[in-house]
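For reference, the structure is listed below as C-alpha cells.
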Amino acid sequence: MTALAILELTNSAARWETWSALAWADTKSRYRRTTIGPFWLTLSTGAMVGSVGILYAGLFGSDISQYLPFLGVGMIVWTFINSVITEGCSVFIAAAGYIKSVPLPLAAHVYRLLARSAIILAHNAVLLIVLWLMFRWPIGLDAAFALLGFLIVSVAVAGVALTLGILCARFRDIPQIVMAVTQLLFLLTPIMWMPSTLKSPALAVVIEWNPIYHLIEVIRGPLLGQTPAVEIWIKAMLLALASLAIGVASYQKFRHRVAYWL
C-alpha cells in the first residue's frame, strides 16, 4: 500500500508546471501592489543580520568578518526551514478550496509550499552575495555541495510539512505547539551564536543532537568554504530519510480523510 502513496508523490512531483505556477501566483499575490515584492523580506533579513551581527560580534568577541557571514547564511537557511515547517501546518487548510473542487493530489500542495519558500530563498540569496562582496571569504568548488545540502534539507522539511499538514488538518491546536518548538530550536541552534563560543564540553550535546544544526550546516558549511564533517552529512541524510518515511506513512494512511477534516 505504501507503494501507492510513493507513486502518487512521484507523479505529483512530475507535474511541476502546476505546483510551480501556483507557487509563483501565491508569491505575486502576497506582494501585489508593493514596489520591490519579496525583496522586502531580503531587506528586513539584511537589516537584522547587520544590526544583530555587529552587536553580537562584540558581545561574543568574534571576528565580524567571520561572524556576519555565519549569521547571514544561517538566517537565510533557517528562514527557509522555518517557513516550510510553520506553513506546513496550514498547507492543506489554506488549500481547502482547491482540495474540495480541483482533482489535484494533496502532495502537490506540499510541493507548492516548497517552491514558494524556495522563491523567497532565492531572493534572500542576494544578501549572501552582498556579504561576500564585503568580506570576500574563500569559496572553492566545495561550494557546489551546498546544492546537495539544499536537496537534503528540502526532503527533510517536505516530510515534516507532509506530516504536520495532515495532523493539523485534524487537530487545530498543533500549530501553536509547532511555533513554540521552532522558537526553542532557533535559540538552541548555532545561528546567532557560533559553536566555538560553547566553553563547556557538556554543552556540546546541544549541537550533536540538534537536527536543525545539521540541516543548516550542510548548506552553510560549503557556502562559507568549510566542508562539513562526514558525520554531519550522515546525520542530515538520516534525518531527511526518517522525515520522508514518516511523511509517506502518514500520507498513505490519512490522505483520503483530509478533505473531510477541512
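The values are calculated or read from the model by the stated rules, or taken from the named source; none is laboratory data. Note that this is a predicted model, so its numbers are computed, not measured. Quick reminder, even Gly has a Cβ in these numbers, built from the backbone with ideal geometry, and neighbours come from all protein chains shown.
Descriptive notes on the structure:
- When we screen ILE85, ILE93 for residues that are over 21 Å from HIS214 (Cβ atoms) and either touching a Lys or Arg at 6+ places or on another chain (Cβ under 6 Å) or of a type in the set (A, V, I, L, M) (or both), the only hit is ILE93.
- Screening region 16-40 for residues that are in contact with a Ser or Thr (Cβ under 8 Å, 6 or more places away or on another chain) and assigned to a helix (DSSP H, G or I) and picking the one that is farthest from ILE99 (Cα to Cα) gives TRP40.
- The condition of being touching a helix residue (DSSP H, G or I) at 6+ places or on another chain (Cβ under 8 Å), surrounded by fewer than 14 Cβ atoms within 10 Å (Cβ to Cβ) and within 20 Å of LEU113 (Cα to Cα) does not hold for TRP24.
- Qualifying residue in region 57-73 (condition: closer than 28 Å to SER243 by Cβ and acidic (Asp, Glu)): no
- Per the conditions (1) buried (at least 18 other Cβ atoms within 10 Å of the Cβ); (2) among the aromatic types (Phe, Trp, Tyr); (3) within 15 Å of LEU113 (Cα to Cα), the sole criterion not satisfied by TRP16 is (1).
Residue by residue, here is whether (1) modelled with pLDDT under 80; (2) touching a Phe, Trp or Tyr at 6+ places or on another chain (Cβ under 9 Å) holds:
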residue	(1), (2)
SER20	no, yes
ASP26	no, no
THR34	yes, yes
PRO38	yes, yes
MET48	no, no
VAL52	no, no
PHE60	yes, yes
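- Considering region 157-262, the qualifying helices (runs of 4 or more DSSP H), each wholly inside and each with 3 or more residues that are loosely packed, with under 14 Cβ neighbours inside 10 Å, run over 174-188, 230-254.
- Helices (runs of 4 or more DSSP H) wholly inside region 72-154 that include at least 1 residues being at pLDDT 90 or above: 91-94, 106-135
- Failed criterion for ALA57 (all others in (1) farther than 17 Å from LEU185 by Cα; (2) surrounded by 15 or more Cβ atoms within 10 Å (Cβ to Cβ); (3) touching a residue at least 12 places away in the same chain (Cβ under 8 Å) hold): (3)
- Residue within region 236-251 that is farther than 26 Å from ALA115 by Cβ and of a type outside the set (Val, Ile, Thr) present: no
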